[in-house]
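The values are calculated or read from the model by the stated rules, or taken from the named source; none is laboratory data. Remember, it's a predicted structure, so these values are computed and weren't measured experimentally. Cβ placement follows ideal geometry from the backbone for every residue including glycine, while neighbour counts extend to all protein chains displayed.
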Amino acid sequence: MIEYENLGKLNQPFFQEYQYEFEKVLKSGWYVLGGQVSSFEAEFSTFLGGNYFVGLASGLDALDIALRIFKFKKGSEVIVPSNTYIATILAVIENGLVPILVEPNISTYNIDPDKVEQAVTSKTVAIIPVHLYGKCCQMDRILEISKRHDLKIIEDAAQAHGAKFKGVCAGNFGELAAFSFYPTKNLGALGDAGGLMCSNAELAESTKMLRNYGSNIKYYNEVVGLNSRLDEVQAAFLRVKLRSLDVIINHKRELANLYLSNIDGDFILPTIDEDYFDVYHIFNIRHPKRDRLRDFLLKNDIKTEIHYPVPPHKQKALKGEILGDFKISDEIHSTTLSLPISYFHQKSDISKVIEVLNRFE
């Protein structure tokens, strides 16, 4: 059986270092906002080519805090992709703001800049471009729109560690950029973890205050904050894996190239373009007979996933929150299929998947 993902196998190369770092944290007696967190923040900032990264408890918290920082007027509109993971939209709603869903480009699956322009109103205050599957959005166009209409840019880079557009890493385009280190990410912790890339020191200080009950000095609270601190143990694990992140990304890009070069038939494959450096958090294909294809692969001992089976506008939790039809999103969600592409997969695994795919009729 070729598994879609196996976190034990994925992390096995790092077990020895994890154990060593865990014992260091355990013996230190300092478990919250200590040296591991501050070191990871500095190291991940360097990896991204920026200066101000702040560790948080999750990617959703990162989006929530980003919106809190700007103190937008309740009822203001925030533009998000219609095919994003629900977390992007939940953060908007949690802040008393109105999510305005904009359809993606059917080829890249990322938000369509032309449609973004059409969605801007007098109530629009921000755009949240989501770098889906490990491919950056077309950020030059989105930045032009944001400057023209004086809108904030908050990147959702939860799936895009190390992804680049025209040589610039995701996380360096907007005022703020939210990252998730959920275990399945290319840079995954062994539990929930996240953070915010901040474009300046002032935003970083605001983030640090908000993550810690609104306090910079113990027991003195300046604003209403929350508890969203990156754990010392998770920071230690992330530091270990960060040292191998380029290796992980290059491995996944090699596996992706095997797929791209050898899959035949009427499968719709991810697009590639010289302006984009894709990191393939997910390798998705599309097919009009997706469900039958998934069953065929499973019968041939290949497991897959669907990211995502239900589009946001059809989620029960969002009933009444979102109005309109989103046909492109519907099309993507009904035809997309995610193929195995983990760090533990070997080229022989991918060759087997390709061989089975090419037999599908």
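Data for the structure
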{"quantity": "Residue among ASP114, ASP64 that is at negative phi and crowded, with 21+ Cβ neighbours inside 10 Å", "calculated": "ASP64"}
{"quantity": "Condition check for ALA193: assigned by TED's automatic domain parsing to the domain that holds VAL54, modelled with pLDDT of 95 or more, crowded, with 22+ Cβ neighbours inside 10 Å and more than 19 Å from ALA160 (Cα to Cα)", "calculated": "no"}
{"quantity": "Checklist (1) in contact with a helix residue (DSSP H, G or I) (Cβ under 7 Å, 6 or more places away or on another chain); (2) of a type in the set (A, V, I, L, M, F, W, C); (3) in a helix (DSSP H, G or I); (4) within 20 Å of ALA157 (Cβ to Cβ) applied to MET197, failing item", "calculated": "(3)"}
{"quantity": "Residue in region 245-265 that is more than 30 Å from ARG286 (Cα to Cα) and either at pLDDT below 95 or within 19 Å of the chain's Cα centre (by Cα) (or both) present", "calculated": "no"}
{"quantity": "Flag if ILE306 is under 15 Å from TYR4 (Cα atoms) and touching a residue at least 12 places away in the same chain (Cβ under 8 Å)", "calculated": "yes"}
{"quantity": "Region 134-150, residues that are over 22 Å from GLY195 (Cα atoms) and assigned to a loop (DSSP other than H, G, I, E, B)", "calculated": "GLN138, ASP150"}
{"quantity": "Wholly within region 35-123, helices (runs of 4 or more DSSP H) carrying at least 2 residues that are at pLDDT 95 or above and touching a Lys or Arg at 6+ places or on another chain (Cβ under 7 Å)", "calculated": "35-48, 59-70"}
{"quantity": "Some residue of region 256-270 being among the aliphatic types (A, V, I, L, M) and surrounded by 21 or more Cβ atoms within 10 Å (Cβ to Cβ)", "calculated": "yes"}
{"quantity": "GLU117 vs. criteria more than 21 Å from LEU132 (Cα to Cα), among the charged types (D, E, K, R) and outside the structural domain of LEU323 (by TED's automatic domain parsing)", "calculated": "no"}
{"quantity": "Yes/no for ASN216 being of a type in the set (S, T, N, Q) and modelled with pLDDT of 95 or more", "calculated": "no"}
